[in-house]
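**Q** Can you read through this structure? Questions will come right after.
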Amino acid sequence: MAGRREAPLMRGGGGGPPLSRGARIAAAVAVGVTLGCVCAFLYPDGLISRSADSALHWASRADSVACDTSGEVGDLKSQLKSLERKNAEFRKQINELSMKLQLAGQGKKEVPYKAGPFGTVKALRTNPTVTPDESIHPRLAKILEQVAVKKELIVALANSNVRENLEMWFTNIKRVGIPNYLVVALDESIESFCKSKDVPVYRPDPDDSIDSIGKTGGNHAVSGLKFHILRQFLQLGYSVLLSDIDIIFFQNPFDHLYRDSDVESMSDGHNNMTAYGFNDVFDEPSMGWARYAHTMRIWVYNSGFFFIRPTIPSIELLDRVAGRLSSEPKSWDQAVFNEELFFPSHPGYEGLHASKRTMDIYLFMNSKVLFKTVRKDAQLRKLKPVIVHLNYHPDKSDRMRAVIEYYVNGKQDALDRFPDGSE
């Protein structure tokens, strides 16, 4: 059997004489020189020269960037401020476009609806709130963040002419424990007075038209001004319970609101019929057989106490009323307020598409209801109203104190000395 054959370099003997140690070294040197020549041909710049140059290059560049960054910090800060201003402008434009889109979409059916079975169909009453725009009134926005509860608050306007009534107003609000209320001070004196009494207060930015009315205006002038100022609150996305200062609070009104309408207002009506509406028959004998004509009547909403949500129809209402009051100086704000709310669209006039609700006249009570009816009825005397508004009587301070004596201190004869009216 033939034995295994080994390679010449591996076998220890046989097949020729073995290579000497010097010959093996010479062969290794020859191989190394040959490899070196090949590398020199393929890499003329050397194997590590490029990496070293790159390292030096990047180190130099890093030093350059560090120097450039140090020198451009000021420019970058300036560019950042410019971008922030542009961003704020873009946000403002987005909010304005959103409001225009909401307004343009009103009355248009975006989703088709099918009518359900008889008696189950209900119309949509609650309009969506507007997108808040805090860039318009940033100072007021910060105050409202601290004062409002669930984006709602009571707001009253006051100047130095009504200081005594204002103190009774906020004293009773504090007694009830209502935290979310704010006084809009129309002069420096009232602003200082509120701060001294730890009452949340907001003084509008200087405005000649507002300041002149705020400092010298009477009740009607100030009442007209409130529609202009209330717009700021609605633009910021807050619901406002507007209150005159001849009002006494006995319960938290926010516990008794429905919030299903753009405007929720107390009524000047003195019973269920006048407050909530009735069919009034007009008689004209000269018409013979057709002498009787049916009319629908309701007593006006009181523009001194109403809850208004931040919706497009609500803002349109404020704009309409404020615009008419400025162009019709002899007009009464409450009359204009009701005309814009109730008058329907007709040739030459586009009515306001706002939903409305009348408040319970025995919870949100006007002074005619109190003095003409409630105080004379044994059952109604037991009811505790949310508020009493002394709107029907000129001797406000005296009657306000008597109302407090009756409902707060339990003095049963506190109201007896007053006549029903103002005679």
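**Q** Could you please report the charge total around Asp420, scoring K, R as +1 and D, E as -1 over all other residues with beta-carbon less than 10 angstrom from its beta-carbon?
**A** Result for the local shell: +3.
**Q** Show which aspartates and glutamates lie in cross-link reach of Lys142 when reach means a straight Cα distance below 13 angstrom and same-chain residues fewer than eight apart are skipped.
**A** Asp133, Glu134
**Q** To the nearest µm²/s, what D does Stokes-Einstein give for the stretch 240-307 at 4 °C and 1.567 mPa s, using the Kirkwood radius over alpha carbon pairs as Rh?
**A** 88 µm²/s
**Q** Right, next: Using θ = phi - 60° and the Karplus relation 6.51 cos²θ - 1.76 cosθ + 1.60, list the HN-Hα couplings for the stretch 378-388 in order, rounded to whole Hz, with x at every Gly or Pro.
**A** 4, 6, 5, 5, 7, 6, 10, x, 6, 9, 10
**Q** Which of the peptides 394-403, 78-87, 349-358, 235-244 is most tightly packed, and how do the rest follow, judged by the mean count of other Cβ atoms within 10 Å per residue?
**A** Result, highest mean Cβ count within 10 Å first: 235-244, 394-403, 349-358, 78-87.
**Q** Which pairs, out of Lys151/Lys356; Lys151/Lys195; Lys174/Lys384; Lys197/Lys396; Lys86/Lys151, put more than 26 Å between their alpha-carbon atoms?
**A** Table pairs above 26 Å Cα-Cα are Lys86/Lys151.
**Q** Output the peptides 337-348, 382-393 sorted from most to least packed, where packing is the average of other Cβ atoms within 10 Å over each peptide's residues.
**A** 382-393, 337-348
**Q** Once you treat every alpha carbon in the stretch 290-423 as an equal point and sum by Debye, what is log10 I(q)/I(0) at q = 0.15, 0.23 Å⁻¹?
**A** Log10 of I(q)/I(0), two decimals: -0.88, -1.36.
**Q** In addition: Take the Cα gyration tensor of the stretch 231-346, multiply each eigenvalue by 5, square-root it, and list the three semi-axes largest first, rounded to whole angstrom.
**A** Semi-axes from the Cα gyration tensor: 31, 19, 14 Å.
**Q** Would you work out what percent of the accessible area of the stretch 342-423, with all protein chains in place, is carbon or sulfur (probe 1.4 Å)?
**A** In the stretch 342-423, the share of accessible area belonging to carbon and sulfur is 53 percent.
The values are calculated or read from the model by the stated rules, or taken from the named source; none is laboratory data. Remember, it's a predicted structure, so these values are computed and weren't measured experimentally. Positions of Cβ are generated from backbone atoms using ideal geometry, with glycine treated the same way; all protein chains shown enter the neighbour counts. Side chains included, ligands, DNA and RNA excluded: accessible areas come from the protein's heavy atoms. Shrake-Rupley method; radii C 1.70, N 1.55, O 1.52, S 1.80 Å.
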